[in-house]
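To start, the structure under review is shown below, and the notes come after it.
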Amino acid sequence: MKKLLSSHVWLLTVVLLSVSLALVSCKKEQPGTPQTPDGKTTTTEPVANNAPAPVAEGDMVPLPIELPPAMFVGTPQNIKVNNLEKPLGKARPPRLAPKGVFNVAAGKPITSSDENPIIGELSYITDGDKAGSDGSYVELGPMVQHITIDLEKVCDIYAVLVWHYHMQARVYFDVIVQVSKDPDFIEATTIYNNDDDNSSGMGVGKDMNYIETSEGRLIDAKGAQGRYVRLYSKGNNANEYNHYVEVEVFGKPVE
């Protein structure tokens, strides 16, 4: 009789121990509590429904730039200008911008401080002809002159590409580029200024003088917002006149 009772007690103990272990195991493996391989639980931070998605590298693409043929070959010689940038000696690397960026200046209206150009028409500046030969550029008078492109909509602007004149190697002085939301440029963002002595009265610039080539000058606008783009210059090392072959503005309208 004692042996039978002892056997029952042992069996009951085994059953109770098994049930206890099962309950403990269920608590460790509750849904929503992830575990590491060693059995330790981890926690995860909730993700906000409105949190912005990170920008993937694939969202940045090269600017859709088409360059005209070179008008002269070789490295320009005997150009003596202060603060002159050394030629890169190779093709300019691609500039990246968000997908959907395009030339928002194509065919857009232009005004100028010189209302009667000496050569050409202001419309040449956004007509897509970048060849740089006779009949594809406009010549403005001497001293400080500017042109203004009306994009007709406020845009996020990522780059401005300007060709002043590339039939021969030249350096244009006091090149200043501004972006604004109002046509009077009362409030403006300066994205380029190589006036190193403030001779144009718009502040001393930190950018360098450069030699004109068929690549044009690519200026980083860093997403500045504006409807109007204004470009200044003050003659060049060959003569006192101001010239423009083409200006492209890469951006996209603000929605």
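Quick notes on this structure:
- Residues of the range 219-249 satisfying the condition of being surrounded by fewer than 18 Cβ atoms within 10 Å (Cβ to Cβ), in a strand (DSSP E or B) and out of contact with any Phe, Trp or Tyr (no Cβ under 7 Å at 6 or more places or on another chain): Asp220, Lys222, Gln225
- Output for the range 217-255, where each listed residue is among the polar types (S, T, N, Q) and either without any contact (Cβ under 8 Å) to a residue 40 or more places away in the chain or closer than 19 Å to Phe102 by Cα (or both): Gln225, Asn239
- Any hit, the range 205-216, residues being part of a loop (DSSP other than H, G, I, E, B), without any contact (Cβ under 8 Å) to a residue 60 or more places away in the chain and over 29 Å from Ser133 (Cβ atoms): yes
- Filter result (touching a residue at least 12 places away in the same chain (Cβ under 8 Å) and either of a type in the set (D, E, K, R) or not in a loop (DSSP other than H, G, I, E, B) (or both)) within the range 180-204: Ser180, Lys181, Asp182, Ala188, Thr189, Thr190, Ile191, Tyr192, Asn193, Asp195, Asp196
- Output for the range 183-206, where each listed residue is out of contact with any strand residue (DSSP E or B) (no Cβ under 7 Å at 6 or more places or on another chain) and under 20 Å from Ile149 (Cβ atoms): Asp184, Ile186
- Verdict on Val81 being hydrophobic (A, V, I, L, M, F, W, C) and modelled with pLDDT of 95 or more: no
- Of the strands (runs of 3 or more DSSP E) lying entirely inside the range 91-148, the ones with 2 or more residues being within 15 Å of Val245 (Cβ to Cβ) and touching a Gly at 6+ places or on another chain (Cβ under 9 Å) are found at 138-140.
- The residue of the range 165-215 that is farthest from the chain's Cα centre (by Cα), among those that are acidic (Asp, Glu) and over 20 Å from Val229 (Cβ atoms), is Asp197.
- Residue satisfying condition, being more than 18 Å from Ala106 (Cα to Cα), surrounded by fewer than 20 Cβ atoms within 10 Å (Cβ to Cβ), modelled with pLDDT of 95 or more and of a type in the set (A, V, I, L, M, F, W, C), within set Met208, Met167: Met208
- Top-ranked residue of the range 87-141 - restricted to ones that are basic (Lys, Arg) and in contact (Cβ under 8 Å) with a residue 60 or more places away in the chain, ranked as surrounded by the most Cβ atoms within 10 Å (Cβ to Cβ): Lys130
- Residues in the range 234-255 that are under 15 Å from Leu161 (Cβ atoms) and either touching a helix residue (DSSP H, G or I) at 6+ places or on another chain (Cβ under 6 Å) or not β-branched (Val, Ile, Thr) (or both): Tyr244, Glu246, Val247, Glu248, Phe250, Gly251.
The values are calculated or read from the model by the stated rules, or taken from the named source; none is laboratory data. Everything quoted here is computed from the prediction, not taken from an experiment. Because the Cβ atoms are built from the backbone with ideal geometry, glycine has one as well, and the counts that use them run over all protein chains shown.
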